[in-house]
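This report refers to the structure that appears directly beneath it.
The values are calculated or read from the model by the stated rules, or taken from the named source; none is laboratory data. Note that the coordinates shown come from a computational prediction; the quantities given were computed from them, not determined experimentally. Note: ideal-geometry Cβ built from the backbone for every residue, glycine included; neighbour counts use all protein chains shown. Ligands, DNA and RNA are excluded from the accessible area calculation, which covers all protein heavy atoms including side chains. Shrake-Rupley method; radii C 1.70, N 1.55, O 1.52, S 1.80 Å.
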Amino acid sequence: MLATTEATPKVDGPNTASPYALEMDAVSVRHGDGPAAVDALSEVTIGFARGSVTAIIGAPGAGKSTLVECATGVREPTGGWVGTHDAVVTADPAEWAALPPADPARAELLVADDLMAAEHLYAMLGAQGDGRTVVVTTSSPAVAAAADVALFLVGGRLVDAACGMSAQEIGAQLESLTHELTVPLQMSLSA
């Protein structure tokens, strides 16, 4: 299923004023109130450079889908700001190769949530070459390794970024970061 939303440019300039297809500044999403509240995203700040391919990798429950929902306008963050400078296109990754060529006069940001097969990303990259910006979320180190940049999301926070790492290195880094950041939290909750 293909869906497109128009760009919502930043107040201080037209779409072309920013080098980013999409920017997020201190974006937070909190579920619930009081001591039982859960932060699905915590002060995420990122800019997706036009023409880049970015994979956001994290374990299930890390906040990847919530990040995409905020980026595509499906969900309002409880804090922070999201600015989409390019039209946002969401499509089933299996349909990416069938997308029409991007219109040079209308920049596009292609977004996919929970991409599990690297071949879908490779198919898009083969068909891309037209300046689209691609952002995918995944739990698969192979998908993250195929991107220009892999961003590590743990517990709703962006905690690391990598370029040029193998799938094995990304998998080890994700496991290390997930363990490193969740063990202290679990210990504090049980105390």
Open item on the list: What's the total number of residues in segment 66-91 that are outside any loop (DSSP other than H, G, I, E, B) and open to solvent by less than 50 Å² (accessible area, probe 1.4 Å)?
Closed with: 13
Task: Subset tally (residues that are of a type in the set (Val, Ile, Thr) and open to solvent by less than 40 Å² (accessible area, probe 1.4 Å)) for segment 158-177 - done: 1
Task: Output for segment 41-60, where each listed residue is assigned to a strand (DSSP E or B) and under 26 Å from Ala167 (Cα atoms) - done: Leu41, Val44, Thr45, Ile46, Gly47, Phe48, Ala49, Val53, Thr54, Ala55, Ile56, Ile57
TODO: For segment 37-53, name all the residues that are over 12 Å from the mean Cα position of the chain (by Cα), free of Cβ contacts under 8 Å to residues at least 60 places away in the same chain and open to solvent by less than 40 Å² (accessible area, probe 1.4 Å).
DONE: Ala37
TODO: Please go through segment 142-169 and pick out each residue that is assigned to a helix (DSSP H, G or I) and at pLDDT below 95.
DONE: Ala142, Val143, Ala144, Ala145, Ala146, Ala167
Open item on the list: I'd like the residue in segment 137-151 that is more than 18 Å from Ala49 (Cβ to Cβ) and of a type outside the set (Gly, Ala, Ser) and, out of all such residues, is surrounded by the fewest Cβ atoms within 10 Å (Cβ to Cβ).
Closed with: Pro141
- [ ] Could you grab me the full set of residues in segment 98-136 that are open to solvent by 70 Å² or more (accessible area, probe 1.4 Å) and either of a type in the set (A, V, I, L, M, F, W, C) or at pLDDT 80 or above (or both)?
- [x] Ala98, Ala105, Met116
